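Engineer: Next up is a structure, given as structure tokens.
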Amino acid sequence: MRTSVLLTVLSGLGPALLGAQDTAIVIIPESAGVSVQPRELPRIVAEEAIRLYNASTTTRLVGRTRLPPGNEWRGDVAVRNGSITVGGRIAGTVLVINGDAAIDSTAEITGDLIIIGGTVTVARAAAVRGEVRQYREPLAYRTQGDEIVFAPNLRRRFPNLGAQKSWGTAESRSALTIATGGTFNRVEGLPIVFGPTFDWKVAEGLRVRFDALGIFRTAGNLSDRGSDLGYAVRSEVRAGDRRALGLELRAYSMVGPVEDWGLHNAEVGWSAFLFQRDYRDYYTRKGVAGRAFVQPEPSLNFALELRRDGETTAPARDPWTVFRNAQAWRPNPPIDDGHYVTLGGYFTLDTRNDPLDPTAGWQLRAQLEHSWSADVSPQAGVPPAVRRTIPGDGSYEFSRVFFDFRRYTRVSPSGRVNLRLLAGGWLGGDPLPLQQRLSIGGPEPLAGYGFRHSACNRDIIDPAFQRTLVAACDRVILAQAEYRGHLSLHWAYGAARPEDEQARPLFALQGPDLVVFGDAGQAWLVGNGPGRLSDDRLPTPGSWLADLGLGVDWGGFGVYAAKGVTAGERLRFTLRLDHRF
């Protein structure tokens, strides 16, 4: 049944959504949980910080700053885009914008200490005479001469469709939330997440978090089977802030993607909602998980997780779309149903200066998982040419690894070079289940090729997989490189004079990035026989798919043209809602 519930819910929530968009619920791709994004910084706090920073009596500093013991600064001090370490005396207020503060035992601050978009550590012997205030939410601003003005990033707000009523302070908060819970897709429609969240500070350096969220799938038929409802319950105990360790427990019933490393969530959702083109496949997951993590530094995280999932095939529904609504959706392919127990290790290093629009830094993500199942029910329609027989005697087990390395470098005041290397897939044991298999093609990461151009599915002819374009490869490797050159263009309507702090431009237009890029990669089957490679070999460079392209990126909204150079592919155009990587 084509449901009108989505439109009804959104129209009824309209006033609330417009009035309280400081929080959103999103599905985190590398986890099995639902998470609440940090609130947006209150406007009154942002304006107070901007007034203090722009005051003529304030000393303004940019980047990492240190005041050694025995030294003194007189007057208010503001630091932006960097951390400050205070060991001496500051006769005034200290403001830190989008950075951290460490106040040593020898330090004295006669005024307030205000931290926005960061954390603060105050030694016991330190003397802060005024108020200490910390806001984890960053300040969105732009520079105007030597001053700063409020400039909310619309792309950061774009996914935040939701409403929240919260109580408490920065120390302890509770809230009731209703929001979108992921991407619009042909299995769920638009999932709506609702329920309470709690965040308590139980002791100095010790916090407890608890979320109890329900998930309503708007593409359902409102039957009594409960298939239209899911849940995500999470509890977390965290000790420390910048350097932390903790334990997390989760219980969930949700829809997960087969491959989530291509297009971004918003791009997949809008493509499906507008044009009935869903670039992912899905399956249902119901289970429990426990995770222990250690964060030696804010940029470094290690985690160990044990989970048990009941995974089943999710048939495609028939949610309403703006265009092509009368056409049938691409079928959602079946998976290898069963209960899977997974032990995984995860590593993350993220030194990027901005997670949404990085210009410098590294992002390294790696995961190693070993899974086993005693009741797997493999799909009979997958021939031996694609994978070996999966044992049905309770001994089924396999290992899977995934790496994603990215480097962002500024090579000139207006130029950046970004590099990415990704590899992953089967590592050992029995063959991968269908829901863990891989493919490569367009529109991301190889924009010059068609959807799942290399998917290892040519020999799958079973009617259950008809028109599904199932991903069936064991391994994948990918290299991406791009140069971004900023084109200078500044135009504003109703622009403010620098001395007029209260006025804001009604509309401002910044210059775009010109993007020149190239991608190369391949996906393949492991083993002996035609069309396969042994597990100790990589595809030869001559067999890789490659494309070259050119694009214009306007703050994440971009238009790209790409051409496959290793096959006779036509020129393809892609509209993106975020940076490529």
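The values are calculated or read from the model by the stated rules, or taken from the named source; none is laboratory data. These numbers come from a predicted model, not from an experiment. In this analysis, Cβ positions are derived from the backbone assuming ideal geometry, glycine residues included, and neighbour counts consider all displayed protein chains. Areas reflect the complete protein model, heavy atoms only, side chains present, ligands, DNA and RNA absent. Shrake-Rupley method; radii C 1.70, N 1.55, O 1.52, S 1.80 Å.
Engineer: Which members of the stretch 426-467 meet the condition of being crowded, with 17+ Cβ neighbours inside 10 Å and of a type in the set (Val, Ile, Thr)?
Structural biologist: Answer for the stretch 426-467, where residues must be crowded, with 17+ Cβ neighbours inside 10 Å and of a type in the set (Val, Ile, Thr): ILE440, ILE460.
Engineer: With at pLDDT below 90 and either closer than 27 Å to GLU236 by Cβ or touching a Ser or Thr at 6+ places or on another chain (Cβ under 9 Å) (or both) as the only criterion, which of ARG129, ARG157, ARG142 stands out?
Structural biologist: Every option except ARG157 fails the conditions.
Engineer: Output yes when any residue across the stretch 527-549 is at positive phi and crowded, with 19+ Cβ neighbours inside 10 Å, and no when none is.
Structural biologist: Filtering the stretch 527-549 down to residues at positive phi leaves 527, 529, 531.
Those left that are additionally crowded, with 19+ Cβ neighbours inside 10 Å: none.
No.
Engineer: Please indicate, with yes or no, whether at least one residue in the stretch 521-528 is outside any strand (DSSP E or B) and either among the basic types (Lys, Arg) or at pLDDT 85 or above (or both).
Structural biologist: Yes, the stretch 521-528 has at least one match.
Engineer: Could you run through the stretch 369-425 and say how many residues are in a strand (DSSP E or B) and either open to solvent by 40 Å² or more (accessible area, probe 1.4 Å) or at pLDDT below 95 (or both)?
Structural biologist: 17
Engineer: Hey, another quick one. Does ALA272 satisfy being open to solvent by less than 20 Å² (accessible area, probe 1.4 Å) and either outside any loop (DSSP other than H, G, I, E, B) or hydroxyl-bearing (Ser, Thr, Tyr) (or both)?
Structural biologist: Considered against the rule, which asks whether it is open to solvent by less than 20 Å² (accessible area, probe 1.4 Å) and either outside any loop (DSSP other than H, G, I, E, B) or hydroxyl-bearing (Ser, Thr, Tyr) (or both), ALA272 comes out as yes.
Engineer: Looking at ASP100, ASP104, ASP112, ASP76, can you tell me which residue is more than 24 Å from ALA244 (Cα to Cα) and either out of contact with any Asp or Glu (no Cβ under 8 Å at 6 or more places or on another chain) or among the hydroxyl-bearing types (Ser, Thr, Tyr) (or both)? Explain how you work it out, then say what you get.
Structural biologist: Numbers: ASP100 fails: more than 24 Å from ALA244 (Cα to Cα); ASP104 fails: more than 24 Å from ALA244 (Cα to Cα); ASP112 fails: either out of contact with any Asp or Glu (no Cβ under 8 Å at 6 or more places or on another chain) or among the hydroxyl-bearing types (Ser, Thr, Tyr) (or both).
Just a single option satisfies the conditions, and that option is ASP76.
Engineer: Also, quick follow-up: Show me the strands (runs of 3 or more DSSP E) entirely contained within the stretch 39-150 in which 3 or more residues are hydrophobic (A, V, I, L, M, F, W, C). Let's see the steps before the verdict.
Structural biologist: Working: elements: 59-62, 65-67, 72-74, 77-80, 84-86, 89-91, 94-97, 101-103, 113-116, 120-122, 132-135, 141-144, 147-150.
Qualifying strands (runs of 3 or more DSSP E): 77-80, 94-97, 101-103, 113-116, 147-150.
Engineer: Can I ask one more? Under 7 Å between Cβ atoms, at least 6 apart or on separate chains: pull out the pairs that start in the stretch 162-176 with a residue that is within 20 Å of VAL120 (Cα to Cα) and end on any residue that is modelled with pLDDT under 70 and open to solvent by less than 70 Å² (accessible area, probe 1.4 Å).
Structural biologist: none
Engineer: In the stretch 327-365, what residues are in a strand (DSSP E or B), modelled with pLDDT under 95 and either open to solvent by 20 Å² or more (accessible area, probe 1.4 Å) or of a type in the set (Phe, Trp, Tyr) (or both)? I'd like the intermediate steps shown before the answer.
Structural biologist: Step one: list which residues in the stretch 327-365 are in a strand (DSSP E or B), which gives 337-350, 361-365.
Okay, now just the ones that are also modelled with pLDDT under 95, so 350, 361-362.
Within the stretch 327-365, ASP350, TRP362 meet the criteria.
Engineer: Further, regarding this structure: Can you tell me how many residues within the stretch 82-122 are touching a helix residue (DSSP H, G or I) at 6+ places or on another chain (Cβ under 8 Å) and either modelled with pLDDT of 95 or more or under 11 Å from ARG133 (Cβ atoms) (or both)?
Structural biologist: Residues flagged as touching a helix residue (DSSP H, G or I) at 6+ places or on another chain (Cβ under 8 Å) and either modelled with pLDDT of 95 or more or under 11 Å from ARG133 (Cβ atoms) (or both) within the stretch 82-122 amount to 4.
Engineer: Is one or more of the residues making up the stretch 486-493 at pLDDT 95 or above and either open to solvent by 30 Å² or more (accessible area, probe 1.4 Å) or more than 30 Å from ILE148 (Cβ to Cβ) (or both)? Write out each step before concluding.
Structural biologist: Taking the stretch 486-493 as the starting set, the residues that turn out to be at pLDDT 95 or above are none.
No, every residue in the stretch 486-493 fails to be at pLDDT 95 or above and either open to solvent by 30 Å² or more (accessible area, probe 1.4 Å) or more than 30 Å from ILE148 (Cβ to Cβ) (or both).
Engineer: Oh, and also: List every residue pair whose Cβ atoms sit under 6 Å apart, with the two residues 6 or more apart in sequence or on different chains, where the first one lies in the stretch 543-560 and is closer than 12 Å to VAL515 by Cβ and of a type in the set (A, V, I, L, M, F, W, C) and the second, anywhere, is open to solvent by less than 20 Å² (accessible area, probe 1.4 Å) and not in a strand (DSSP E or B).
Structural biologist: Cβ pairs passing all conditions: VAL552/PRO512; TRP554/PRO512.
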